[in-house]
Amino acid sequence: MKRFLKILFIFSITFIICIVINRFRIAIIERPDFIELSISPPNSHLGDNEWDVIIKTIHHYTRTGGNEGKYFLWRGEKAINVAELGEETDSSVIDTKKEIISYFDDWLMSNGWERRNGSCFFLLPESWFLPTEEHGYLVYVPRDETLFPAHPKVCLAVWESSNLNGRVFHIVLVSANPSPITILNEDWKSINRP
């Protein structure tokens, strides 16, 4: 009986140690890894070179069928009031939607991203009311990205509104980086689909 209790004690301690090590290992693997885009908002050369809002968040999701995942989101928001740009005659002033999109396109493409067809539904709430492509929001992925479903992504939304001071462009830029376990889970499921 003593021997049994000793074996049970050793087994219990070993089991607890394994659980603690596994939790610690997952915590290290799943540490937040945000893609912080180092781009200033348009017209930063005029002195307003900060985003109005920057948010970092961890987004957990569950899809139909029980698929779960985690993304690390970096979100920058900026409102550009065209009237506040003043009477700038400088051709470097960005004051149209096309110029704003071109500004981000150029920076993202020169930093290893390319525009692709895709969705930002669970990353960018604005995608629920904006159309895709140049008329609303755009999706970018790393240039060398494979076709697996879980991959880093950048979503850019640009839309125009007006207020008492005139035209305002709203810009939202979101980078999404899937956790390592999400990548493994999604890649495994895509490989093993019938």
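Reachable lysines from residue 56, Cα under 29 Å, same-chain residues fewer than 8 places away excluded?
Cα-Cα hits under 29 Å: 70, 78, 97, 98, 153, 189.
Ranked from highest to lowest mean number of other Cβ atoms within 10 Å per residue, what is the order of the peptides 177-184, 107-114? Let's see the in-between values first.
Values: 177-184: 18.4, 107-114: 14.9.
Most protected by this proxy first, the peptides run 177-184, 107-114.
Work out from phi, with θ = phi - 60° and the Karplus expression 6.51 cos²θ - 1.76 cosθ + 1.60, the ³J(HN,Hα) of each residue of segment 162-167, listed in order in whole Hz, and give x for Gly and Pro.
9, 9, 4, 8, x, 6
Could you derive backbone 3J(HN,Hα) for segment 113-127 from the dihedral phi with the Karplus parameters 6.51, -1.76 and 1.60 (θ = phi - 60°), listing whole Hz in sequence and x where the residue is Gly or Pro?
10, 9, 6, 9, 6, x, 10, 10, 3, 8, 9, 10, x, 4, 5
Ratio to report: Rg/Rh of segment 107-181, with Cα atoms as the point set and Rh obtained by the Kirkwood method; give two decimals.
When Rh is taken as the Kirkwood radius, the ratio is 1.03.
Only the coordinates and a few stated rules stand behind these numbers; no lab work does. Computed from a predicted model, the values in this text were never measured in an experiment. Neighbour counts are summed over all protein chains in view; Cβ atoms, including those assigned to glycine, are modelled from backbone coordinates with ideal geometry.
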